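Student: Starting off with a structure, shown below.
The values are calculated or read from the model by the stated rules, or taken from the named source; none is laboratory data. Values in this document were obtained by computation on a predicted structure and should not be read as measured data. Neighbour counts run over all protein chains shown; Cβ positions are idealised from the backbone, glycine included.
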Amino acid sequence: MTTATDSDETGTNQVAHGAATAQPRGRHRSLWGYLFMPLLLTSILILLYFYVQGRELSSGEANRLNADAILTATREQIELTVVSTALVLAIAIPMGILLTRPFARSITPPAIAVFNIGQAIPSIGLIVLLAVVWDIGFRPMVVALVAYTVLPVLRNTMVGLRQVDASVIEAARGMGMTKRAVLTRIELPLAVPIIMAGLRTALTINVGTATLGALVGAGTLGTLIVAGIVQNKQLILVVGAILVAVLALLVDYLAAIAEERLRPRGL
Amino acid sequence: MNDSTGSAPEAGKIKIRLEGLSKRFPGQGEDAVDNLSMEIPEGEIIILVGPSGCGKTTTMKLINRIIEPTSGRIFLDDEDVTKVNPDLLRRRIGYVIQQIGLFPHVTIADNIATVPKMLGWKKDRINERVDELLETVGMDPGNYRDRYPKELSGGQRQRVGVARAMSADPDVMLMDEPFGAIDPITRDRLQNEFLRLQEQIKKTIIFVTHDIDEAIKMGDRIAILREQSHIAQFDTPERILVNPADDFVADFIGRGASLKRLSLSRVRDVELHQWPTAQDGTGHDEVRRLLEASDKSAVLVLDSQQRPMRWVNAEHLQRAGDGAALGEIGLPAEAVVQPNATLSDTLNEMLTARYSTAIVVDSSSAYQGIVDIDTINDTVRSMRRAERVRLREDERNDEQVSS
């Protein structure tokens, strides 16, 4: 069609319009999609509250199941999760960037092997080991969590950077973008969805594993579970378990929203 | 002509000069590009063409130093750019690759604005330039500037790729099989649009392709490369077709050279025939009178803007009855070409439409005249005649030299 430009032009426009009407997947939830999880979690907490209120509490139970003790435990769990995840990001993302640069090709396999050790050891083993050889409390717990979750974020960062279309990078370099600009303006934004998926995994693992902090004096909601087992108090055990589950689901929900929001438009 | 030296005969100012350029990739026994010297004249489309693995793409990438040469020198505007900062050099040279490589996460406008932003242009100037470029490549800025690449068709992405390469108005553009990944119909249209654009912008363009037909159609000059980027012949398409330097070139051009020659002539170079025409709405009786008065069997019906609508002959008129509007009877006016279409395209259009005539229109689609199959035949015949004369003269010259 050498010159039937008019008709062809409308033809291509139609193609584009058609594509534009297709909603990009996963970007926007319906209102219900946003509300479902918070409503579910809130109802569980309310039910739990009235259930505990309706019970005659022994002094041992009342010691554990009061607002002060629960809020402190929750705060400890959240602190552990946030600090360890922040450290994971600070370590894994720069490391992932470094290991995907051409000059680092030869050290990538040994580096991955090192980070793999942390994840290969069962988390409870690592936590107890650190308590024995180092210290108990907050800091060894953070180290254990970091060692345990660096690998998924590192691996996702590397995969995310490597899946960026080589032609996009070549075009960017060919237009005179510096290597740094290609990294910060092209590669990292395009890797964000996959890095975020790794981050979500790390958060979920960390919020759950932080419960084990109860074993090494780092507090957390795990203390309820441990106390419930040790004192043979079913109620404390159940409340602790439900609170941990609710917190984990909430964290995952927030991470999922962040994942959707941070995905660059156009992908 | 020396094997590895290309100098363009009768060229104007030299824009790019390559001097003894070589590239050996690590771990390879042979140079990918071996001692290439070449002079590239300003404002022309220079095609690098050759079989796969001949080093044509590597050669192109040596020019903006996406691949750093092992030895040799590159001059741009007589300035030695072999050692200057490659990022700054590349901002002066447009770059289009086959996969286009649009940035998927930014809008069309931001894609096009990439280089101007790096050069620190003011925001207003960038916006203006983006709109101007979108218009240049035939895309409505209001409709497209805020869209994302995935919303575009392949042809539109290619246009944006070209617009992006032109954004900072570079004198030189490198294009690596820019139309290679596009369906044949769209490719043809984009090639024509690009040639029309080049008539206005007059950039110096290095264009890599493996397709000799594309080379003949697009090139002001063609460098046919054999392995290691040795130049087999560097000349205008006409002279390469008529006078291939050696068997390699002749083989590469392949058979059907007469057909290829049709790619060298354009509709505007041949004499257009006139045809009886009638405005839509003309009475049937008048059309019949027109038909009787002419030796043609049909009239071409035009709309109010002189755009071709239908072919109508006496039989159609009879069958349709008196009331029918001319624009709704007869056969559709297909095989429509513009003056810059090659005769090869024109022939193609005719064969597709199964007509023995093609309608020539101007850029606003208004009727200009007719090219028929005899015209194309005559052109081929006169080209062959001219070629024979030239060969005979060459032989005579050779004899004179040898005697």
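Student: Within the range A:144-160, does at least one residue satisfy the condition of being touching a Leu at 6+ places or on another chain (Cβ under 8 Å), assigned to a helix (DSSP H, G or I) and within 14 Å of another protein chain (Cβ to nearest Cβ)?
Tutor: yes
Student: Follow-up. Please verify whether the range B:82-98 includes one or more residues that are more than 13 Å from chain A (Cβ to nearest Cβ) and surrounded by fewer than 16 Cβ atoms within 10 Å (Cβ to Cβ).
Tutor: Within the range B:82-98, one or more residues are more than 13 Å from chain A (Cβ to nearest Cβ) and surrounded by fewer than 16 Cβ atoms within 10 Å (Cβ to Cβ).
Student: While we're on this one: Identify, by number, the condition in (1) over 21 Å from A:Ala86 (Cβ atoms); (2) surrounded by 20 or more Cβ atoms within 10 Å (Cβ to Cβ); (3) touching a Leu at 6+ places or on another chain (Cβ under 9 Å) that A:Ala172 doesn't meet.
Tutor: (3)
Student: Quick check on my filter: what residues within the range A:149-161 are in contact with a helix residue (DSSP H, G or I) (Cβ under 6 Å, 6 or more places away or on another chain) and surrounded by fewer than 23 Cβ atoms within 10 Å (Cβ to Cβ)?
Tutor: Hits for the range A:149-161 are A:Leu151, A:Pro152, A:Val159, A:Leu161.
Student: Any chance you could count how many residues in the range A:61-99 are among the basic types (Lys, Arg) and surrounded by fewer than 19 Cβ atoms within 10 Å (Cβ to Cβ)?
Tutor: 1
Student: Something else now. Among the numbered conditions (1) modelled with pLDDT of 90 or more; (2) within 14 Å of chain A (Cβ to nearest Cβ); (3) touching a strand residue (DSSP E or B) at 6+ places or on another chain (Cβ under 8 Å), tell me where B:Gln156 comes up short.
Tutor: That leaves (3) as the condition not met.
Student: Which residues, counting only those in the range B:61-76, are more than 14 Å from chain A (Cβ to nearest Cβ), surrounded by fewer than 19 Cβ atoms within 10 Å (Cβ to Cβ) and not in a strand (DSSP E or B)?
Tutor: Within the range B:61-76, B:Thr70 is the sole residue that qualifies.
Student: Out of all the residues in the range B:114-134, which are in a helix (DSSP H, G or I), farther than 15 Å from B:Gly161 by Cα and within 14 Å of chain A (Cβ to nearest Cβ)?
Tutor: B:Lys117, B:Met118
Student: Anything in the range B:77-113 that is assigned to a loop (DSSP other than H, G, I, E, B) and among the hydroxyl-bearing types (Ser, Thr, Tyr)? List them, or say none.
Tutor: The answer is B:Thr82, B:Thr107.
Student: Let me ask another. May I ask you to verify whether B:Ile205 is at pLDDT 90 or above, touching a Leu at 6+ places or on another chain (Cβ under 9 Å) and either under 28 Å from B:Ser363 (Cβ atoms) or part of a helix (DSSP H, G or I) (or both)?
Tutor: yes
Student: Ok, one more. Within the range B:333-352, is there a residue that is more than 14 Å from chain A (Cβ to nearest Cβ), surrounded by fewer than 19 Cβ atoms within 10 Å (Cβ to Cβ) and of a type outside the set (Phe, Trp, Tyr)?
Tutor: Looking through the range B:333-352, none of the residues is more than 14 Å from chain A (Cβ to nearest Cβ), surrounded by fewer than 19 Cβ atoms within 10 Å (Cβ to Cβ) and of a type outside the set (Phe, Trp, Tyr).
Student: Would you be able to say whether some residue in the range A:169-183 is over 21 Å from A:Ala92 (Cα atoms), without any contact (Cβ under 8 Å) to a residue 24 or more places away in the chain and more than 9 Å from every other protein chain (Cβ to nearest Cβ)?
Tutor: Checked against the condition, which is being over 21 Å from A:Ala92 (Cα atoms), without any contact (Cβ under 8 Å) to a residue 24 or more places away in the chain and more than 9 Å from every other protein chain (Cβ to nearest Cβ), the range A:169-183 yields no hits at all.
Student: Please indicate, with yes or no, whether at least one residue in the range A:91-99 is β-branched (Val, Ile, Thr), within 15 Å of A:Pro152 (Cβ to Cβ) and more than 13 Å from the chain's Cα centre (by Cα).
Tutor: Yes, the range A:91-99 has at least one match.
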